[in-house]
Amino acid sequence: MDFSFQSSEKIDIRSLTSEKLLEMALQMGQPKYRAGQLFAWLHNKCVNSFDEMSNLPASFREELKGKCVIRNLEQVRVQVSKADGTRKYLFKLFDDNLIESVMMRYKHGNSVCVSSQVGCAMGCSFCASTLGGLVRNLSAGEILGQIYEIQKETGERVSNVVVMGMGEPMANYGNVMDFVRILSDENSLHISQRNITISTCGLVPQIIALSNEGLKITLALSLHAPNDEIRRRIMPIANKYSIDEILDACRTYFDNTGRRVTFEYCLIDGVNDLPAHARELAGRLKGMNAHVNLIPVNPTPENNYGQAKEKDIQVFKDILEEGGITTTRRREMGRDISGACGQLRQQTLKGL
């Protein structure tokens, strides 16, 4: 990477992996260990300014200020669920764009759901993130910043991260890969790759590429339908990649990584929640090392979808399990605080 600093645009330093940070420090005439110190300040202590980096020479800090920037996030709103303590954050970026993050408390630790894009281009009809389309990708530093700000605000450590907020992570592939490598670096927060989940609506080439990255993360496939006909009605990406193509890519992912794939299935009343749909889904997933996560749809004002009834959810789950498919019903978190992707941002943009 060229750090010749000829450009007037400052370097987004929080987005640099440890390897890129070392390269930059050496080009700036610094000894190797300075890069390690700098990385620890950025990703272990998670500071928001160069002035806080007390063990770096003042001259180096001034040079960093002139050539680099730490793109901090500003907390605009935080809503706390009275039901389960889930915290929903609305953050403002340096260019005034808004993104969302969610922190959920579980017995096994705190889990944070982060956004990877401002908006989304995928157009899934049940998701508020896609309303208004895609604005831009987030940098690796902006994705990381969501976790860092939540840890500071709560004073609690994050142990699990899901890239399942606003945006399609696989459409921001390079930045998301840098995010994973920085977050799991032993000198950062050092969150285990096994505790990091990346979702996708089914971008087949990127799933194949991910299988060759040498990572141990969990892949979550947003399936939401047992066949292509229903999937095309609710997910435009289904017009590009068939379920068979996507499942073949998921098999490749398991073969290359040994990591079981999770299939997210959002249950919509009368659309994809019938017993026949469950039997068809069980047939498609038979023989795969897979786990299905059943999610009652979170209705939004922009769609007229109804949430599947509890008895139908249980029947659906029973059929999958009878077919040998490991299945869970996701615990609903933050329903009273617009917990689903994109809802709080959309409300804010509308002035609500």
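The values are calculated or read from the model by the stated rules, or taken from the named source; none is laboratory data. Values in this document were obtained by computation on a predicted structure and should not be read as measured data. So basically every Cβ, Gly included, is an ideal-geometry build from the backbone, and we count neighbours across all protein chains shown.
Among the residues of the range 225-236, is any small (Gly, Ala, Ser), under 18 Å from the mean Cα position of the chain (by Cα) and assigned by TED's automatic domain parsing to the domain that holds ASP312? Checked against the condition, which is being small (Gly, Ala, Ser), under 18 Å from the mean Cα position of the chain (by Cα) and assigned by TED's automatic domain parsing to the domain that holds ASP312, the range 225-236 yields no hits at all.
Checked against the criterion of being in a strand (DSSP E or B), touching a Lys or Arg at 6+ places or on another chain (Cβ under 8 Å) and within 30 Å of SER211 (Cα to Cα), the candidates VAL135, VAL118 yield just one match: VAL118.
If you go through the range 215-235 and keep only what is among the polar types (S, T, N, Q) and either buried (at least 23 other Cβ atoms within 10 Å of the Cβ) or part of a strand (DSSP E or B) (or both), you end up with THR218, SER222. Exactly one residue out of ARG157, ARG87 is surrounded by fewer than 20 Cβ atoms within 10 Å (Cβ to Cβ) and at pLDDT 95 or above, and it is ARG157. Cβ separations smaller than 6 Å between residues 6+ apart or across chains give the following pairs from the range 46-71 residues that are closer than 16 Å to ARG34 by Cα and among the aromatic types (Phe, Trp, Tyr) to residues that are in a helix (DSSP H, G or I) and at pLDDT 95 or above: PHE50/ARG61; PHE50/LEU64; PHE50/LYS65. If you check LEU22, LEU42, LEU64 for being part of a helix (DSSP H, G or I) and out of contact with any Lys or Arg (no Cβ under 8 Å at 6 or more places or on another chain), only one passes: LEU64.
Does the range 299-321 contain any residue that is modelled with pLDDT under 95 and touching a Lys or Arg at 6+ places or on another chain (Cβ under 9 Å)? No - not one qualifying residue is present in the range 299-321. If you go through the range 265-274 one residue at a time, do you hit one that is surrounded by 19 or more Cβ atoms within 10 Å (Cβ to Cβ) and modelled with pLDDT under 75? No, every residue in the range 265-274 fails to be surrounded by 19 or more Cβ atoms within 10 Å (Cβ to Cβ) and modelled with pLDDT under 75. Looking at PHE126, PHE94, just one residue is of a type outside the set (Gly, Ala, Ser), at pLDDT 95 or above and over 14 Å from VAL162 (Cα atoms), and that residue is PHE94.
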